[in-house]
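The values are calculated or read from the model by the stated rules, or taken from the named source; none is laboratory data. Values in this document were obtained by computation on a predicted structure and should not be read as measured data. All Cβ positions, glycine included, derive from the backbone under ideal geometry; neighbour counts span all protein chains shown.
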Amino acid sequence: MNDLNSLLEPGQLVRHPDRPDWGTGQVQSNIGGRITVNFREEGKVVVDGTRVALLPVFDG
């Protein structure tokens, strides 16, 4: 779905496009399209990178 997901690395900040209430998340790992993100308001979530295009956050 989104080739940008393959560029996400641990430590990068992202948002989930369908769950703005989760706040900003920090990428923990990105293995085989499964992206583990620790969101401020939701905790650790494993995102299927083939189905969800995470949005990079550059301003914190």
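Quick one: count up the residues across region 16-60 that are at pLDDT 95 or above and at positive phi.
Qualifying residue count for the region: 2.
Being without any contact (Cβ under 8 Å) to a residue 24 or more places away in the chain and under 12 Å from the mean Cα position of the chain (by Cα) is the filter; apply it to region 46-60 and report the residue that is farthest from Asp3 (Cα to Cα).
The extreme case among them is Val46.
Which is β-branched (Val, Ile, Thr) and farther than 17 Å from Asp59 by Cα, of Val14, Val47, Val27?
The unique qualifying residue is Val47.
If a residue counts only when it is surrounded by 13 or more Cβ atoms within 10 Å (Cβ to Cβ), which strands (runs of 3 or more DSSP E) contained entirely in the chain have at least 3 such residues?
13-15, 25-31, 34-39
Determine whether Asn30 is of a type outside the set (Val, Ile, Thr) and touching a strand residue (DSSP E or B) at 6+ places or on another chain (Cβ under 6 Å).
The answer is no for Asn30.
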